[in-house]
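The values are calculated or read from the model by the stated rules, or taken from the named source; none is laboratory data. Please read all numbers here as calculations on a predicted model, not as lab measurements. When we count neighbours, we look across all protein chains shown, and the Cβ atoms used for this are built from the backbone with ideal geometry, even at glycine. Only protein heavy atoms, including side chains, enter the accessible area calculation; ligands, DNA and RNA are left aside. Shrake-Rupley method; radii C 1.70, N 1.55, O 1.52, S 1.80 Å.
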Amino acid sequence: MPESKNGLTYAQSGVDIDAGEALVDAIKPLAKATRRPGAEASLGGFGALFDLKAAGYNDPLIVTTTDGVGTKLRIAIETHRHDTVGIDLVAMCVNDLLAQGAEPLMFLDYYATSKLDVDTARRVVAGIAEGCKRAGCALVGGETAEMPGMYEGDDYDLAGFSVGAVDRDKVLPRLDDQREGDVIIGLASSGPHSNGYSLIRKVVEVSGLGWSADAPFAKDLSLAQALLEPTRIYIKPVLPLMKAGLIKGAAHITGGGLIENPDRAVRDGLTAQFDFDAWELPPVFKWLGETGNIERRELQRTFNCGVGFVLYVSPRNVDTVLAALLDAGEDAFVCGQLAAK
């Protein structure tokens, strides 16, 4: 094909290959910091390899999950606070792995935007790397896509993909072992996590408050800071209890809240029966409910209401599990039981 001095370039169409390469260089040290046995976190190849034998598995099953951050990103974008949404991205994926009894091994991200801003993307990926460190998994790759015409201005979107493993005899839930009277242990959330933010943004609109206003429910924080509190990652305190055989089932409380999520890990004939008086509804949910005039059941089926993860435990193991969680720094408490439908 002949050379043309006036020929179009990819950059003229809105895609900057040089910026993409600069981002890869900027995040290589972040990925390297997430190395773990079985994975070498090097970026630039077409795929990532993992050695399950080196990670200590004997009869492993692979578990995969994918998720995003939802419209919580809208707050990050509008307030230029990009440092913690990457933690949310990892948390939403790896906590789902944990509900199956699986250990997170690898994580990949997808970052799409209209025009790549290297500093913004680096801050987002730094949060992803921090989330991977909290979860004990390796950040092994991802994809950055500039798509002018699909996104506008500073908008970007995120998707995460996690790969985990669990030995065949440790898969959760153990439905055949579940009994009426098994105890539900709740682990406290850090706030709304990454669910219900379309409703949250509507409540903020009704309140008339700006993102920089003092949060009515959190001391010394702006509304944006309080609502961008990242999702808790429960891997390190909970996984050892699962490997020890002390947990019969688990549920990550995401969209659908405490109404729809818990029974996904409960056998037919039983249901998760919560004692909603067993814990104090955190201030953020009280404010959302009162300001938005949200009915109690709607609050419970939209938000985690202060319980980010639940475990189903035999009554004889409750004290052992609670003690281990409290020793690990978790706010854990009995909040119900499995009951006959």
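How about segment 68-85: which of its residues are within 11 Å of Val124 (Cβ to Cβ) and either touching a Lys or Arg at 6+ places or on another chain (Cβ under 8 Å) or of a type in the set (A, V, I, L, M, F, W, C) (or both)?
Across segment 68-85, the qualifying residues are Val69, Leu73, Ala76, Ile77, His82, Asp83, Val85.
Please go through segment 73-89 and give me each residue that is surrounded by 24 or more Cβ atoms within 10 Å (Cβ to Cβ) and touching a Pro at 6+ places or on another chain (Cβ under 8 Å), ordered by number.
Selection gives Val85, Ile87, Asp88.
Within the set of pairs 6+ apart or on separate chains, which have a first residue in segment 164-184 that is part of a strand (DSSP E or B), a second that is open to solvent by less than 20 Å² (accessible area, probe 1.4 Å) and aromatic (Phe, Trp, Tyr), and C-beta atoms under 8 Å apart?
So the pair list comes out as Val183/Tyr312; Ile184/Tyr312.
Among the listed residues Ser190, Ser212, Ser194, Ser198, identify the single one that is assigned to a loop (DSSP other than H, G, I, E, B), open to solvent by 60 Å² or more (accessible area, probe 1.4 Å) and among the small types (Gly, Ala, Ser).
None of the others qualify; the one that does is Ser212.
Part of a loop (DSSP other than H, G, I, E, B), open to solvent by less than 10 Å² (accessible area, probe 1.4 Å), at positive phi and in contact (Cβ under 8 Å) with a residue 60 or more places away in the chain - does that describe any residue in segment 312-333?
No.
Just to check your reading of the model, which residue among Val307, Val313, Val334 is closer than 14 Å to Leu187 by Cβ and in contact with a helix residue (DSSP H, G or I) (Cβ under 6 Å, 6 or more places away or on another chain)?
That would be Val313, the only listed residue that is closer than 14 Å to Leu187 by Cβ and in contact with a helix residue (DSSP H, G or I) (Cβ under 6 Å, 6 or more places away or on another chain).
Hey, among Asp268, Asp277, Asp263, which residue is among the acidic types (Asp, Glu), open to solvent by 10 Å² or more (accessible area, probe 1.4 Å) and within 27 Å of Gly329 (Cβ to Cβ)?
Step by step, each of Asp268, Asp277, Asp263 is checked, and only Asp277 is among the acidic types (Asp, Glu), open to solvent by 10 Å² or more (accessible area, probe 1.4 Å) and within 27 Å of Gly329 (Cβ to Cβ).
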